[in-house]
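Visitor: Provided herewith is a single structure, encoded as structure tokens, for subsequent inquiry.
The values are calculated or read from the model by the stated rules, or taken from the named source; none is laboratory data. Note that the structure is a prediction, hence the values are computed from the model and not measured. When we count neighbours, we look across all protein chains shown, and the Cβ atoms used for this are built from the backbone with ideal geometry, even at glycine.
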Amino acid sequence: MAITSFPSGIQSPGDEQVWDSLKRAIASSSGFKRWQTERSDERHPPLSQDQLVRRYLRETLETLAY
């Protein structure tokens, strides 16, 4: 039996499907769109939607931790 390795802690194809669904939901949220607009003037290399959602979640959780 072959073991499939998924990036970023994803354990199974089902997990990947859940992450894709969550990522789409987050990317379409008003909070994410506002966050993205606020950062549009920053000079960063282009990021994938996956990277943007991860950064948004990390920054949001860091803010809530205070």
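Visitor: Modelled with pLDDT of 95 or more, under 13 Å from the mean Cα position of the chain (by Cα) and part of a helix (DSSP H, G or I), is that true of Arg55?
Guide: no
Visitor: Something else now. Answer with yes or no whether Asp50 is at pLDDT below 95 and assigned to a helix (DSSP H, G or I). It would help to see each step written out before you state the result.
Guide: Details: at pLDDT below 95: yes; assigned to a helix (DSSP H, G or I): yes.
In short, yes.
Visitor: Filtering the stretch 51-66 down to residues that are of a type in the set (D, E, K, R) and under 15 Å from Ser29 (Cβ atoms), which residue is surrounded by the fewest Cβ atoms within 10 Å (Cβ to Cβ)? Steps first, please.
Guide: Initially, the stretch 51-66 is screened for residues of a type in the set (D, E, K, R), giving 54-55, 58-59, 62.
Imposing the further condition that a residue be under 15 Å from Ser29 (Cβ atoms) reduces the set to 54-55, 59.
On the way: Arg54: 15, Arg55: 15, Glu59: 12.
By that ranking, first place goes to Glu59.
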